[in-house]
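**Student:** Have a look at this one.
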Amino acid sequence: MDIAPFETEQFFARFEFNTPWQLCNSDCETVTVEELMSLAGIPLDDLGRQRLGYTPSQGGPALREAIASSYRSVDPDEVVVLGTPVEGIYLLARALLEPGDEVVVLTPAYDALVNLFEHVAGADAVRRWRLRPTADSWALDLDRLDALLTPATKLLVVNFPHNPTGFLPSPGWHRALAELAEARGICLFCDEMYFGLVHSGTPPIPSTADVSAHAVVLSGLSKTFGLPGLRCGWLVVRDPNLRARLINWKHYTSICAPVLSEFLARAALQARDDLRCRSIERIESNLALAEAFFARWPGRFEWRRPMAGSTALVGFDVPSVAALSERLAREEGLLIQSAAMLGGDDRHMRIGLGRDNFGAALERFGDWLGRQ
Ligand SMILES: Cc1ncc(COP(=O)(O)O)c(C=O)c1O
């Protein structure tokens, strides 16, 4: 079976560990194990006492309890801990979709949110619901969605806060979307990997899991909490039959999460407010740098301020961001990413606001622009 290239991950596999200045990471600055344990108030020695056995397939009860407590209405039994966050997208596609089912996916999007559903349901069965640029932001139209839905639509895939645009719906619009999915009997799948990264001035929304008992939610520690190396993610799945099918699929993919990830994930959830605040503070200060930077180059960039998340999508007046990104990586040690990889166009680039050296990378980018 031919599968689509995972363009974003192939791009980062080539450049992430050999390019010193990176402007396009979606994760937030990480911490050391020592820092994490100290933030959680747990002695470092406790790590050494962990026994390296299997963990329960659905996730250890203590971790599922800590995860459930971060929602208003979720029971620990409704949480499925994953081997990695991205695994949750595959498991849902496998557990939910039958031949003939159709899927509508918000786009642009992190590759897996489109490609995995195409692999499982067939490319013809996946329709794209496009975010629309407005003068200074992004919008999603419910009437456009309505036109994409058919009696065969089984699943609607969204991602809030959105990677790459930073779009976040208003609380009323978010509720209306959940009601629309419920009324049509469609499973609403919301990827909430960037949950809690809401920029000042944007009204926050609750988790989709707390808005609709029929929704499935993906979340994890990679982005908001800056811990992508833990590979810790989870799904909230209310429907017991779907949950059982999904866990059965998981026996074939990862069986269970690594014991050290579970242990450190429990520590991270104890320190979640500190970790999230660190990320949001860094994002807001990088956002100020980005706004000042793009204002200095009017005509070259089209800037739309993100509402939430750790990324933004910026229009760049070059023939091909993809071609330029190869050149900048090679010649300048500077990484930018084309939105074409994410289902956008090749005249937009994703920028990532969560890293400490964002300002230094931006300066490097400014030097290069100045030399053109
Ligand atoms: C929207 C979204 N969902 C899921 C993932 C996967 O997360 P992880 O890489 O931690 O598995 C990513 C990673 O970039 C993402 O941006």
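The values are calculated or read from the model by the stated rules, or taken from the named source; none is laboratory data. Just so we're clear, the structure is a prediction, and the values are computed from it rather than from any experiment. Neighbour counts run over all protein chains shown; Cβ positions are idealised from the backbone, glycine included.
**Student:** Out of the stretch 163-218, which residues are among the acidic types (D, E), surrounded by 15 or more Cβ atoms within 10 Å (Cβ to Cβ) and away from the ligand (no atom under 16 Å from the Cβ)?
**Tutor:** Matches in the stretch 163-218: E182, D210.
**Student:** Something else about it: Of all residues being more than 16 Å from the ligand (Cβ to nearest atom) and buried (at least 19 other Cβ atoms within 10 Å of the Cβ) in the stretch 121-138, which is nearest to the chain's Cα centre (by Cα)? Just the residue, please.
**Tutor:** It comes out as V126.
**Student:** Further question on the same structure: Name every residue in the stretch 92-137 that is among the aliphatic types (A, V, I, L, M), under 24 Å from G309 (Cα atoms) and in contact with a helix residue (DSSP H, G or I) (Cβ under 8 Å, 6 or more places away or on another chain), in order of residue number.
**Tutor:** Once the filter is applied, which keeps residues that are among the aliphatic types (A, V, I, L, M), under 24 Å from G309 (Cα atoms) and in contact with a helix residue (DSSP H, G or I) (Cβ under 8 Å, 6 or more places away or on another chain), the stretch 92-137 yields L92, V104, V105, L106, A109, A112, L113, L116.
**Student:** In the stretch 182-221, how many are in contact with a Cys (Cβ under 7 Å, 6 or more places away or on another chain) and either aliphatic (A, V, I, L, M) or under 20 Å from V114 (Cα atoms) (or both)?
**Tutor:** 6
**Student:** Residue check, F12 against (1) part of a loop (DSSP other than H, G, I, E, B); (2) without any contact (Cβ under 8 Å) to a residue 24 or more places away in the chain, all met but one. Which one?
**Tutor:** Unmet condition: (1).
**Student:** Can you tell me which residue within the stretch 25-58, out of those that are of a type in the set (S, T, Y) and closer than 30 Å to F15 by Cβ, is nearest to the chain's Cα centre (by Cα)?
**Tutor:** Of the stretch 25-58, the ones of a type in the set (S, T, Y) are 26, 30, 32, 38, 54-55, 57.
Imposing the further condition that a residue be closer than 30 Å to F15 by Cβ reduces the set to 26, 30, 32.
Values: S26: 8, T30: 16, T32: 22 Å.
If we take residues in the stretch 25-58 being of a type in the set (S, T, Y) and closer than 30 Å to F15 by Cβ, then S26 is nearest to the chain's Cα centre (by Cα).
**Student:** Checking the condition out of contact with any strand residue (DSSP E or B) (no Cβ under 7 Å at 6 or more places or on another chain), touching a residue at least 40 places away in the same chain (Cβ under 8 Å), assigned to a loop (DSSP other than H, G, I, E, B) and not small (G, A, S), which residue from D27, D2 passes?
**Tutor:** Selected residue: D27, the only one of D27, D2 that is out of contact with any strand residue (DSSP E or B) (no Cβ under 7 Å at 6 or more places or on another chain), touching a residue at least 40 places away in the same chain (Cβ under 8 Å), assigned to a loop (DSSP other than H, G, I, E, B) and not small (G, A, S).
**Student:** OK, next. For the stretch 135-172, what are the residues that are hydroxyl-bearing (S, T, Y), touching a residue at least 40 places away in the same chain (Cβ under 8 Å) and not in a strand (DSSP E or B)?
**Tutor:** Taking the stretch 135-172 and keeping what is hydroxyl-bearing (S, T, Y), we get 137, 150, 153, 165, 170.
Narrowing the set further to residues that are touching a residue at least 40 places away in the same chain (Cβ under 8 Å) leaves 137, 150, 153, 165.
Passing the criteria: S137, T150, T165.
**Student:** Restricting the search to the stretch 94-120, which residues are touching a residue at least 60 places away in the same chain (Cβ under 8 Å) and within 13 Å of the ligand (Cβ to nearest atom)?
**Tutor:** T107, P108, A109, Y110, D111, A112, L113, V114, N115
**Student:** Still on this model: Can you pull out the residues in the stretch 226-269 that are assigned to a helix (DSSP H, G or I), within 16 Å of L96 (Cβ to Cβ) and aliphatic (A, V, I, L, M)?
**Tutor:** Passing the criteria: L242, A244, L246, I247.
**Student:** What residue, of V80, V86, V104, is closer than 30 Å to R144 by Cβ, in contact with a Lys or Arg (Cβ under 8 Å, 6 or more places away or on another chain) and surrounded by 19 or more Cβ atoms within 10 Å (Cβ to Cβ)?
**Tutor:** Among V80, V86, V104, only V104 is closer than 30 Å to R144 by Cβ, in contact with a Lys or Arg (Cβ under 8 Å, 6 or more places away or on another chain) and surrounded by 19 or more Cβ atoms within 10 Å (Cβ to Cβ).
**Student:** Can you tell me which of (1) in contact (Cβ under 8 Å) with a residue 12 or more places away in the chain; (2) more than 16 Å from the ligand (Cβ to nearest atom) is the one D75 doesn't meet?
**Tutor:** (1)
**Student:** Hey, another quick one. So which residues in the stretch 95-121 are assigned to a loop (DSSP other than H, G, I, E, B) and over 13 Å from L156 (Cβ atoms)?
**Tutor:** E98, P99, G100, P108, Y110
**Student:** Yes or no: the stretch 335-342 includes at least one residue that is farther than 24 Å from Y194 by Cβ and not in a strand (DSSP E or B).
**Tutor:** Within the stretch 335-342, not a single residue is farther than 24 Å from Y194 by Cβ and not in a strand (DSSP E or B).
**Student:** Across the stretch 78-92, what is the total count of residues that are outside any helix (DSSP H, G or I) and within 16 Å of the ligand (Cβ to nearest atom)?
**Tutor:** Count: 5.
**Student:** Related question: For the condition surrounded by 16 or more Cβ atoms within 10 Å (Cβ to Cβ), closer than 22 Å to P5 by Cα and not hydroxyl-bearing (S, T, Y), what is the one hit in L328, L334, L353, L342?
**Tutor:** After applying the criteria, what remains is L342.
**Student:** Considering R64, R72, R14, R49, which residue is more than 23 Å from A271 (Cβ to Cβ), basic (K, R) and at pLDDT 95 or above?
**Tutor:** The unique qualifying residue is R14.
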